[in-house]
Amino acid sequence: MSEAQTLAEKVFSELATAIVRGELAPGERLSEQALVTRYGGSRAPIREAIQKLEARNLVVRVPHAGARVVSLSLEELRDIYEVRLELESMACRLAAERMSDAEISALEKLLEEHARSIEADQGLSYYQKSGNLDFHYRIIEGSKNSRLHQMLCGDLYHIIRMYRYRTSTSSERPLQALKEHQRIVEAIKSRDPQLAELLMRRHIQVSLTNLETRLAHEARH
C-alpha cells in the first residue's frame, strides 16, 4: 500500500468515526484544504477518503457547496428504520436457529466488553466500532443469509450506525440498550427464534422512538 493510500485510509477511518459519533454534525461541510492542513500530504488522498465516505452514504456532494456530512429528514430516517425493523428482526430469528454455540459465546463476550466500555464512559454513551465489534453486525452475520448481510451491512450500515449512536447518548439509554442486547442473546442462546425476533423488533422500535423524540427536540432548539 502506497503512502497516499495509507493516508487516505487513515483520513477515511477517522472521519467515518467522527461522523458516526456526531463529532462532525449532519450537514457540516468537509473542507479539503482544512483536511490537507490537518493531515498533511496532497489533496489526492483527501479526495479519495471523501469519495469512500460518499460511497458509504456518510457524505453527500452539494452543488456549489462541496462535500457535507449526510443529514437525513425524519421521513427519510423512518423509511430506513422500517426496512431495518423488518430485515434485522428476521436476521435475529434466523440467528437463533443458525448461530453455533461458539458464536453465541463470542457474542456474550462482546457484550461484556461493551458493558466495560459503557462503564468507562460513565454510562453516557454506547459506542460500537464497526464490523465484528458491533452487536448488530454479529447478529446479521449469524443469520447465515448472504442477501440479508448484503442489504443490512451494505448501503444502510454506516447511516444506521450514525443514528444508532445518536440515540445511545440519551439519558439512561446506554444501559437500557445493553440490557436489551443481553435479553436478545439469551433468547438466541435458548434457541427461541420467535422471542429473539420479537425482542429485536422492540429494541429497534424503541431506538426509532428515541430518535424521533431527539430530532423533534433539536428542531425546537
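The values are calculated or read from the model by the stated rules, or taken from the named source; none is laboratory data. These numbers come from a predicted model, not from an experiment. A quick note on method: Cβ atoms are made from the backbone with ideal geometry, for glycine too, and the neighbour counts reach across all protein chains shown. These accessible areas exclude ligands, DNA and RNA; they are computed on the full protein's heavy atoms, side chains included. Shrake-Rupley method; radii C 1.70, N 1.55, O 1.52, S 1.80 Å.
Note on region 179-204: residues that are open to solvent by 10 Å² or more (accessible area, probe 1.4 Å) and farther than 30 Å from Ala55 by Cα total 16. The residues in region 32-67 that are open to solvent by less than 30 Å² (accessible area, probe 1.4 Å), farther than 15 Å from Lys10 by Cα and at pLDDT 90 or above can be counted, and the count is 3.
Just one residue in the set Ala67, Ala34 is more than 11 Å from Met162 (Cβ to Cβ), in a helix (DSSP H, G or I) and not hydroxyl-bearing (Ser, Thr, Tyr); that residue is Ala34. The criterion of at least 1 residues that are in contact with a Phe, Trp or Tyr (Cβ under 8 Å, 6 or more places away or on another chain) is met, among helices (runs of 4 or more DSSP H) falling completely within region 112-220, by 135-142, 157-168, 173-189, 193-220. Take the residues in region 1-22 that are among the acidic types (Asp, Glu) and modelled with pLDDT of 90 or more; name whichever of them is nearest to Glu218 (Cα to Cα). If we take residues in region 1-22 being among the acidic types (Asp, Glu) and modelled with pLDDT of 90 or more, then Glu14 is nearest to Glu218 (Cα to Cα).
The set of residues in region 72-106 that are more than 18 Å from Ile188 (Cα to Cα) and open to solvent by 70 Å² or more (accessible area, probe 1.4 Å) comprises Glu75, Glu76, Arg78, Asp79, Glu82.
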